[in-house]
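Taking it in order: structure first as structure tokens, then the write-up.
The values are calculated or read from the model by the stated rules, or taken from the named source; none is laboratory data. Note that this is a predicted model, so its numbers are computed, not measured. FYI the Cβ positions are ideal-geometry reconstructions off the backbone, even for glycines, and counts take in every protein chain you see. Calculation scope for accessible area: heavy atoms of the full protein, side chains included, ligands and nucleic acids excluded. Shrake-Rupley method; radii C 1.70, N 1.55, O 1.52, S 1.80 Å.
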Amino acid sequence: MVQLYSIPTWFDGFNVAFEILFLIATAMVAFYSFKIYKISSKKEVKLFGLAFASLAISYLILAIVNIFFLSADSGAIILTIERMMDIKNIAVSSYIFFSIMGFTTLLYTTLKIERLRIYGLLVLLTFTAINFSFNKIFMIYFITSLFLLFINYHYLREYIDKKRVNILLVLIGMAFLFLSNAIFLVETAYISTYVVSHILELIGYTFIIASLIK
């Protein structure tokens, strides 16, 4: 049995609300990206939209998981997966798949290399690292944090070169997304980590939506 995360009992219900907010936020980013793509025909914008569409799907699945598959344990609410295959494990695996695909596509977008072989290699290496890791949960957060760190570096360089407000907003948003993932690398035992992570994540998506609207 592997424990994915712990939620304070008082946060029960709010966690689902947050997932729905994340679903709406990422869906909005994908929607605006596709609208901008129709006008500009820039492949980078299209990939940006596909990345956030994948993240939107992951949050939809996570909301369903949090509604039906959480269990109480020692004053907290936890999500665990067993070695046996069942509906819960399939749902959690699907959430992880779409989440990782979203961040991998986002990283590939920042690389600005239009080669499917590079994208395929990124996906293959990412899932191989997770599959063969002894601590898969830590590896998931480590990889997404590493990807987001590189993405932040990319947007920092973009802002230094172009000095555009919308790029700055994306940079701030990505910085909060990085913190929301990296916080799990420091300490996963505290149930408050989950709450702080969600607040940081919501702030991050708010800045990214603002940049696209602008």
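Computed from point charges on the beta carbon alone (+1 for Lys and Arg, -1 for Asp and Glu), the dipole magnitude for the chain about its Cα centre is near 1100 Debye.
Solvent-accessible area per residue in the chain equals 54 Å², computed with a 1.4 angstrom probe and all protein chains kept. Counting protein heavy atoms only, the chain has 70 percent of its accessible area on carbon and sulfur, 1.4 angstrom probe.
Sorting the segments 113-124, 144-155 by their mean number of nearby beta carbons within 10 angstrom, highest to lowest, gives 144-155, 113-124. Each 10 Å bin from zero holds the following percent of Cα-Cα pairs in the stretch 22-180: 10, 35, 36, 15, 4, 0. Angle, helix 165-186 long axis vs. longest principal axis of the chain, Cα atoms, 0 to 90°, nearest 10? Value to nearest ten degrees: 30. Projected label points at Asn135 and Lys43, each 7 Å from Cα along the beta carbon direction, are separated by 3.9 nanometres.
What is the helix-to-structure angle for 43-68, meaning the angle in degrees between its Cα long axis and the longest Cα principal axis of the chain, kept from 0 to 90 and rounded to the nearest 10? It works out to around 20 degrees. Site pair Val165 and Glu114 shows an inter-label distance of 3.2 nm when each label is modelled 7 Å from Cα along Cα→Cβ. When the helices of the chain are scored as -39500 (n - 2.57) per DSSP H run of n ≥ 4 and the total is divided over every residue, the value at 222 nm lands at -27000 deg cm²/dmol.
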